1. Residues in the range 96-125 that are among the acidic types (Asp, Glu), surrounded by fewer than 15 Cβ atoms within 10 Å (Cβ to Cβ) and modelled with pLDDT of 95 or more: how many?
2. Scan the range 32-60 for residues that are of a type in the set (S, T, N, Q) and either in contact (Cβ under 8 Å) with a residue 40 or more places away in the chain or within 19 Å of residue 110 (Cβ to Cβ) (or both) and jot them down.
3. Would you please name the residue that is nearest to residue 74 (Cα to Cα), looking only at residues in the range 24-53 that are loosely packed, with under 13 Cβ neighbours inside 10 Å and of a type outside the set (D, E, K, R)?
4. Can you find, within the range 73-105, the residue that is farthest from residue 115 (Cα to Cα) among those that are of a type in the set (A, V, I, L, M) and in contact (Cβ under 8 Å) with a residue 24 or more places away in the chain?
5. Within the range 77-93, is there a residue that is surrounded by 14 or more Cβ atoms within 10 Å (Cβ to Cβ), out of contact with any His (no Cβ under 7 Å at 6 or more places or on another chain) and under 21 Å from residue 139 (Cα atoms)?
6. Can you pull out the residues in the range 55-70 that are within 16 Å of residue 102 (Cβ to Cβ) and assigned to a helix (DSSP H, G or I)?
Amino acid sequence: MGEWFQGGSSPPHPLTNLNQIKMKTSIKKELSAHIIDKINDGVIDNTNKDDWHFYCFNEDYYIIYHSVALEWLKSHDIDAFEAIEIVREYEVDNFGEMNTDIDPESIVNMLAYIYGEELLNSIDAENIEELKNRLTDEV
């Protein structure tokens, strides 16, 4: 067993700093394709840059149905408890408490919201053309 166990203390928690969590490549590719779809559909453009995240990940559900959400977690190799903890830490850090219901659909939709925000912030595009070009490189 690891030193943490022999010493009697808890194991180091992998989510102690949300900024250190690395988005899985499979999620990054999927969310990049989702944003590109929103660009191609005319949902996001240069006139609504401040709301790109809202229109991509908050205006509508990313995943519908519990069974689809469970499959999404499985396809991205995310444990349900890991997903809940990511959402909990994000919400406590940003809102002071966790408000998301603990069910597969709600947790996955919040994960898409969190990772979508992270993806858009990391790209930091000035316009829709730059955003699309950088996302295309991800897909």
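1. 3
2. 32, 46, 58
3. Filtering first and then ranking leaves 26.
4. Going through the qualifying residues, I end up with 80.
5. Yes.
6. Once the filter is applied, which keeps residues that are within 16 Å of residue 102 (Cβ to Cβ) and assigned to a helix (DSSP H, G or I), the range 55-70 yields 66, 69, 70.
The values are calculated or read from the model by the stated rules, or taken from the named source; none is laboratory data. Note that the coordinates shown come from a computational prediction; the quantities given were computed from them, not determined experimentally. Because the Cβ atoms are built from the backbone with ideal geometry, glycine has one as well, and the counts that use them run over all protein chains shown.
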